[in-house]
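Trainee: Handing you a structure now.
No lab work stands behind these numbers, since they all come straight from the coordinates. Not measured: the values here are computed from a predicted model. Here the Cβ positions follow ideal geometry from the backbone for every residue, glycine too, while neighbour counts run over all protein chains shown.
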Amino acid sequence: MTDLTIGIVGGGQLARMMNEAATPLGLRVRLLAEAPQTAAAQVVPDTTVGDYADAATLSDFAADVTAVTFDHEHVPTGLLAELEASGTPVRPGPTALEFAQDKAAMRARLSALGVPCPAWRVVATPQELADFAAETGWPVIAKTSRGGYDGKGVWKLAGPQEAEAPFAALQHALGPTERDTAADAPADAVIVAEEFIPFTRELSVLVARRPGGEAVAYPVTETVQRDGICHETTTPAPGLDAARAAALEALGRRIADELGVVGILAVELMERPDGEIVVNELAMRPHNTGHWSIEGAVTSQFENHLRAVADLPLGSAALRAPVAVMTNVLGGANPDLVGSLNRVLSDPDVRVHLYGKGVKPGRKVGHITVLGADVDAARRSARAAAAILEGE
């Protein structure tokens, strides 16, 4: 059988964990990394360091691979369309990826499909934003349509006096002395206004989908976000009845089908106080809210993503234990993560994943997973381990 080589664009921790999942399947990984010591570049021998936004670099990297996939969603879709035209499978493809890259396009498409979303509008001026807020009520959420992640490019605005802020930030990001990055807005970014939802909790549904349409959905996850960053997940979401969970999993599969996603689709959800659930964001890659699946599911999100990208049969997404809790480890006062393992691993239920990244305040440097039968006990163990690594 011909070797299957998966080209992964982006050298972060998601690519690092994809590489781990590729090894048992006998898949080869080729990496296009931003720098020589990124999380994935440390462990993938076949690594090219280069600019993913450069057409020649991307084309050379993708030569002879079985398919190209992503650690992040920032590759220009025009370049991906050129790869597809040259005969290289791109999964997810540029048409689908547009809805993960552009929040305005996502909102328009989901609304056209009848998928529940917050009230929203593209606004061109502070006055248009204030007019929208006058209809929905303050506070209001403003987002750059492109480029934001982990809370960047998102504003919660308390009143009309703050309506200028997102436009000023967008203008600064596009200024003549600024170079666009994943955290900055690209040239075609606009401001999307959304109603503020005082949600009771946030949920996430992950779906893996093959090119021919075969799909599996993971159990619904409850997530805790702080400052736009995922801090903790609990799977299955506590207190969610079976019928509601099945409906949300079906919604995730429907969105994946309608958008033609190949690989993992993460659908981030918000639950209103009245119980209605609306879609907040989409991601088309392995996702932080699915890290629990490495130990907690029969087939991890990383393995199923690779299976889908390589067009192989998908594995079961069923839980291995009654509950799985994942807690992110953020950079804190402890610079020596490995030196803390003796204390952390004294709890035999704790599983540690470190990403090989330098410790910086607030930076995701690893995660903890604990499986068990009791939600509170699993949370205590995961939080205690993360606190040790963070130096608390």
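Trainee: Identify which of the listed values of semi-axes √(5λ) of the Cα gyration tensor in Å was calculated from the structure shown: [x] 30, 27, 22; [y] 57, 22, 20; [z] 35, 24, 20.
Mentor: [x]
Trainee: For the stretch 100-165 and the stretch 49-70, what is the centre-to-centre distance using only Cα atoms, to the nearest Å?
Mentor: Value for the Cα centre distance between the two parts: 33 Å.
Trainee: Quick one: what are the phi-derived ³J(HN,Hα) couplings along the stretch 328-343, Karplus 6.51/-1.76/1.60 with θ = phi - 60°, whole Hz, x for glycine and proline?
Mentor: Whole-Hz 3J(HN,Hα) from phi for the stretch 328-343: 6, 9, 9, x, x, 7, 9, x, 10, 5, 4, x, 8, 5, 4, 5.
Trainee: For the chain, please report how many Lys pairs fall under 19 Å Cα to Cα, leaving out neighbours fewer than 8 apart on the same chain.
Mentor: So the count works out to 7.
Trainee: Could you sort the peptides 306-317, 328-339 by per-residue average Cβ neighbour count (10 Å cutoff), highest mean leading?
Mentor: 306-317, 328-339
Trainee: Given a Förster distance of 51 Å, report the FRET efficiency between ASP3 and ASP131 from their Cβ-Cβ distance, rounded to the nearest 0.05.
Mentor: 0.30
Trainee: Pick from GLN171, GLN42, GLN301 the residue whose mean-square fluctuation is largest in a GNM of the chain, springs joining Cα atoms under 10 Å.
Mentor: Its mean-square fluctuation being the largest, the pick is GLN171.
Trainee: Residue farthest toward the positive end of the dipole of the chain, with Cβ of Lys/Arg at +1 and Asp/Glu at -1: which of ALA169, VAL122, THR23?
Mentor: THR23
Trainee: Hey, if you put +1 on the Cβ of every Lys and Arg and -1 on every Asp and Glu Cβ in the chain, which of GLY153, PRO219, ALA142 ends up farthest toward the positive end of that dipole?
Mentor: PRO219
Trainee: Could you give the length gained by full extension between VAL338 and ALA387, i.e. 0.36 nm per residue of separation minus their alpha carbon distance, to one decimal place?
Mentor: My answer for the length gained is 16.3 nm.
Trainee: Which one of LEU269, LEU354, LEU32 has the biggest mean-square fluctuation once the chain is modelled by GNM with Cα springs under 10 Å?
Mentor: LEU354
Trainee: Place a +1 charge on the Cβ of each Lys and Arg in the stretch 220-292 and a -1 charge on the Cβ of each Asp and Glu, then give the dipole magnitude about the Cα centre in debye, rounded to the nearest 20.
Mentor: 200 debye
Trainee: Next question, about the same structure. Would you mind checking which residues have amide H under 5 Å from ALA40's amide H? H placed 1.01 Å from N; only 5 or more apart, or other chain.
Mentor: GLY12, ARG16
Trainee: Among LEU58, LEU79, LEU345, which one moves the most in a GNM of the chain with springs linking Cα atoms closer than 10 Å?
Mentor: LEU345
Trainee: Could you list SER111, SER346 so that the one with the fewest beta carbons within 10 Å of its beta carbon is first and the one with the most is last?
Mentor: Final ranking by Cβ density, sparse to dense: SER346, SER111.
Trainee: Moving on. Find out how many positive minus negative residues lie around ALA384, taking Lys and Arg as positive, Asp and Glu as negative, among other residues whose Cβ is under 13 Å from that of ALA384.
Mentor: Overall, the nearby charge balance is -2.
Trainee: If you don't mind, another one. Report the local net charge at SER86: Lys and Arg +1, Asp and Glu -1, summed over other residues whose C-beta lies under 12 Å from its C-beta.
Mentor: Net of charged neighbours comes to -4.
Trainee: Quick check of the Kirkwood formula: for the stretch 284-392, what is the inverse mean of 1/r over all pairs of different Cα atoms, in Å?
Mentor: Taking every pair of different Cα atoms in the stretch 284-392, averaging 1/r and inverting gives 14.6 Å.
Trainee: So, one more: Under 10 Å from the Cβ of TRP120, count the other residues' Cβ atoms, weight Lys and Arg +1, Asp and Glu -1, and hand me the total.
Mentor: Overall, the nearby charge balance is +2.
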